[in-house]
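In what follows, a structure is listed as structure tokens, so that the remarks can point back to it.
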Amino acid sequence: MAHPKRKTSKSKKRMRRSHNALYDKATSVCSYCGETIISHRVCSECGHYNGRPVLKSTDEA
């Protein structure tokens, strides 16, 4: 079975993991109510997506 000949240094280990960093999600503003939302998602406040109603909002009942 294969095994490493030398211990992986902290530098090499951290360089390898450099692509694992978390990043902020892209946000935009809802064109209907102005609430900040994650891009390409239905607005949780008004239920609109791309300017069209997708979900029934609670205030229309």
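The values are calculated or read from the model by the stated rules, or taken from the named source; none is laboratory data. These numbers were taken from a predicted model, which means no experiment stands behind them. What goes into the accessible areas is simple: the full protein's heavy atoms, side chains included, and nothing from ligands, DNA or RNA. Shrake-Rupley method; radii C 1.70, N 1.55, O 1.52, S 1.80 Å.
By the compact-protein rule of thumb, 2.2 N^0.38 Å, the alpha-carbon radius of gyration of the chain corresponds to a ratio of 2.15.
The phi-based Karplus calculation (6.51 cos²θ - 1.76 cosθ + 1.60; θ = phi - 60°) puts the 3J(HN,Hα) values of the stretch 3-8 at 8, x, 7, 10, 5, 6 Hz, whole numbers, x for Gly and Pro.
Rolling a 1.4 Å probe across the protein heavy atoms gives the chain an accessible surface of 103 Å² per residue.
Mean residue ellipticity at 222 nm from the helices of the chain, using -39,500 (n - 2.57) per DSSP H segment of n ≥ 4 over the full residue count, to the nearest 500 deg cm²/dmol? Please list the in-between numbers first.
Numbers: 1 runs with 7 residues, N = 61.
After summing the helix terms and dividing by residue count, I get -3000 deg cm²/dmol.
Whenever you get a sec, compute what percent of the accessible area on the chain sits on carbon and sulfur atoms (1.4 Å probe). Its accessible area is 51 percent carbon and sulfur atoms.
Compared with the direct C-alpha span, the chain from Thr8 to Ala21 gains 2.7 nm at full extension, assuming 0.36 nm per residue.
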